[in-house]
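Read through the structure below, which is laid out as structure tokens, and then see the notes.
Laboratory data are not the source of any read-out in this text; all were calculated from the coordinates shown. For clarity, every value in this text was computed on a predicted model and none was experimentally measured. Neighbour counts are summed over all protein chains in view; Cβ atoms, including those assigned to glycine, are modelled from backbone coordinates with ideal geometry.
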């Protein structure tokens with residue numbers, strides 16, 4: 001179980017990344033979603049697992065945006081325990 005852990009999954013608003021985020025949420029991890037496009041649908045899908053979920057749209061090709069995303073994740077959940085680099 002991953003209850004109390006926080007996972008940040010890049011490229012997680014659709015496809016494989018969303019699947020990874022759902023699998024982690026099913027194990028109890030709180031999720032930080034990242035990606036382009038619709039975030040509300042994926043957020044609702046993750047929230048259905050009974051975990052906390054947040055979204056940040058950082059562009060993984062821009063270091064400054066990545067830094068801001070990490071600060072955001074820490075502010076939302078205290079820390080990031082799991083990082084899945086799926087974007088790309």
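Worth pointing out:
- A count restricted to the range 1-35 and to residues that are under 15 Å from residue 87 (Cβ atoms) and part of a loop (DSSP other than H, G, I, E, B) stands at 6.
- Taken together, the residues in the range 14-52 that are closer than 15 Å to residue 88 by Cα and either in contact (Cβ under 8 Å) with a residue 40 or more places away in the chain or buried (at least 23 other Cβ atoms within 10 Å of the Cβ) (or both) amount to 6.
- Of all residues in the range 36-88, those satisfying the criterion of being part of a helix (DSSP H, G or I) and in contact with a strand residue (DSSP E or B) (Cβ under 6 Å, 6 or more places away or on another chain) are 42, 43, 46, 47, 69, 72, 73, 76, 77.
- The number of residues in the range 59-69 that are more than 11 Å from the chain's Cα centre (by Cα) and surrounded by 13 or more Cβ atoms within 10 Å (Cβ to Cβ) comes to 5.
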